[in-house]
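Chemist: I have a structure here, written as structure tokens, and I will follow up with some questions on it.
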Amino acid sequence: MNRVVHPIEQESFRRLRARLDTSHFPPLTRAVVERVIHSAADLGYADDLVTDEGDLAAAHTALHGGAPVVVDVEMVAAGITRRTTVCRLKDARSGPGLTRSAHAIRLAYEDVGPGALWVIGCAPTALEELLRLDASPALVIGLPVGFVGAAESKAALRESGLPAVSNVSEKGGSAVAAAALNALLYHPTSKETP
């Protein structure tokens with residue numbers, strides 16, 4: 001189903017495209033880059049994001065085929081529209097060598113198993129835990145934010161070879177992580193294109 005885009009959003013994307021040429025990006029990469037930039041009003045993401053069009057295409061198919069979406073925090077869940085998500089942070093407990101965020105990832109994996117899309121926008125330890133699991137994700141949107149562990153966890157994600165969206169710098173956060181997933185949700189499927 002095509003979504004109705006509010007005039008303010010249309011104008012925002014018009015202004016974004018007036019300031020930054022994104023026409024050279026493949027379709028799904030362009031959708032992710034533009035939606036992330038839109039969510040943060042930060043044109044620097046055009047050079048900071050790391051994506052692979054083939055990974056995005058496979059994830060787009062999985063997402064529209066009903067694959068579960070797991071998030072690390074409720075802030076990410078709140079930003080994802082048109083889809084229910086799994087977030088187990090409220091049920092998680094910290095322990096020796098284990099953060100609440102990492103435990104929540106373990107609990108969520110027990111719920112969804114392989115093939116999910118994972119959206120991590122807050123805790124580097126959540127991303128690190130996901131990388132320790134044999135989760136076989138459809139996609140990992142790894143965009144945690146912070147000065148401690150964020151850039152390193154995203155580098156580890158890229159080195160893992162898992163299908164992913166990440167960025168090189170410390171910036172990130174719930175809004176941009178949700179935006180990356182929304183880009184895939186909003187992008188039409190082959191059935192929806194004229």
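The values are calculated or read from the model by the stated rules, or taken from the named source; none is laboratory data. None of these values were measured; they are calculated from a predicted model. In this analysis, Cβ positions are derived from the backbone assuming ideal geometry, glycine residues included, and neighbour counts consider all displayed protein chains. With ligands, DNA and RNA removed, areas are computed over all heavy atoms of the protein, side chains included. Shrake-Rupley method; radii C 1.70, N 1.55, O 1.52, S 1.80 Å.
Chemist: Which of the residues spanning the range 150-171 are open to solvent by less than 20 Å² (accessible area, probe 1.4 Å) and of a type outside the set (Lys, Arg)? Can you show your working first?
Modeler: Keep residues of the range 150-171 that are open to solvent by less than 20 Å² (accessible area, probe 1.4 Å), which gives 150, 153-154, 157, 164-167.
Ala150, Ser153, Leu157, Ala164, Val165, Ser166, Asn167 - these are the residues of the range 150-171 that are open to solvent by less than 20 Å² (accessible area, probe 1.4 Å) and of a type outside the set (Lys, Arg).
Chemist: Now, a different point. Looking only at the range 116-138, which residues are over 17 Å from Asp55 (Cα atoms), part of a loop (DSSP other than H, G, I, E, B) and either touching a residue at least 60 places away in the same chain (Cβ under 8 Å) or open to solvent by less than 20 Å² (accessible area, probe 1.4 Å) (or both)?
Modeler: Across the range 116-138, the qualifying residues are Gly121, Ala123.
Chemist: Another question, if that's okay. Would you point out which residue out of Thr99, Thr61, Thr85 is of a type in the set (Ser, Thr, Tyr) and either modelled with pLDDT under 95 or under 30 Å from Ala18 (Cβ atoms) (or both)?
Modeler: Details: Thr61 fails: either modelled with pLDDT under 95 or under 30 Å from Ala18 (Cβ atoms) (or both); Thr85 fails: either modelled with pLDDT under 95 or under 30 Å from Ala18 (Cβ atoms) (or both).
On inspection, the qualifying residue turns out to be Thr99.
Chemist: Tell me yes or no: at least one residue of the range 32-39 is of a type in the set (S, T, N, Q) and out of contact with any Gly (no Cβ under 9 Å at 6 or more places or on another chain).
Modeler: Of the range 32-39, the ones of a type in the set (S, T, N, Q) are 39.
Of the ones still in play, those that are also out of contact with any Gly (no Cβ under 9 Å at 6 or more places or on another chain) are none.
No, the range 32-39 has no match at all.
Chemist: Still on this model: Give just the number: which of (1) in contact (Cβ under 8 Å) with a residue 24 or more places away in the chain; (2) open to solvent by 50 Å² or more (accessible area, probe 1.4 Å); (3) hydrophobic (A, V, I, L, M, F, W, C) does Phe147 not satisfy?
Modeler: Here Phe147 meets the rest and fails (1).
Chemist: Within the range 22-66, count every residue that is crowded, with 18+ Cβ neighbours inside 10 Å and in a loop (DSSP other than H, G, I, E, B).
Modeler: So the answer is 1.
Chemist: If you check Leu162 against the conditions, is it closer than 19 Å to Thr61 by Cα, out of contact with any helix residue (DSSP H, G or I) (no Cβ under 6 Å at 6 or more places or on another chain) and in a helix (DSSP H, G or I)? It would help to see each step written out before you state the result.
Modeler: Numbers: closer than 19 Å to Thr61 by Cα: yes; out of contact with any helix residue (DSSP H, G or I) (no Cβ under 6 Å at 6 or more places or on another chain): yes; in a helix (DSSP H, G or I): no.
Against the criterion (closer than 19 Å to Thr61 by Cα, out of contact with any helix residue (DSSP H, G or I) (no Cβ under 6 Å at 6 or more places or on another chain) and in a helix (DSSP H, G or I)), Leu162 does not qualify.
Chemist: Any idea which residue in the range 106-115 is surrounded by the most Cβ atoms within 10 Å (Cβ to Cβ), counting only those that are among the aliphatic types (A, V, I, L, M) and in contact with a strand residue (DSSP E or B) (Cβ under 8 Å, 6 or more places away or on another chain)? Don't jump to the end; show me each part of the working.
Modeler: First, the residues of the range 106-115 that are among the aliphatic types (A, V, I, L, M): 107-108, 112.
Right, trim to in contact with a strand residue (DSSP E or B) (Cβ under 8 Å, 6 or more places away or on another chain) and you get 108, 112.
Working: Ala108: 27, Val112: 18.
For the range 106-115, the residue satisfying everything is Ala108.
Chemist: Inspect all residues belonging to the range 98-111 and state whether any of them is in a loop (DSSP other than H, G, I, E, B) and under 17 Å from the mean Cα position of the chain (by Cα). Steps first, please.
Modeler: Kept after step one, since they are in a loop (DSSP other than H, G, I, E, B), are these residues of the range 98-111: 99.
Still in the running and under 17 Å from the mean Cα position of the chain (by Cα): none.
No, the range 98-111 contains no residue that is in a loop (DSSP other than H, G, I, E, B) and under 17 Å from the mean Cα position of the chain (by Cα).
Chemist: To continue, here is another question. Go through the range 5-15 and count every residue that is at pLDDT 90 or above and either among the small types (Gly, Ala, Ser) or touching a helix residue (DSSP H, G or I) at 6+ places or on another chain (Cβ under 6 Å) (or both).
Modeler: Result for the range 5-15: 0.
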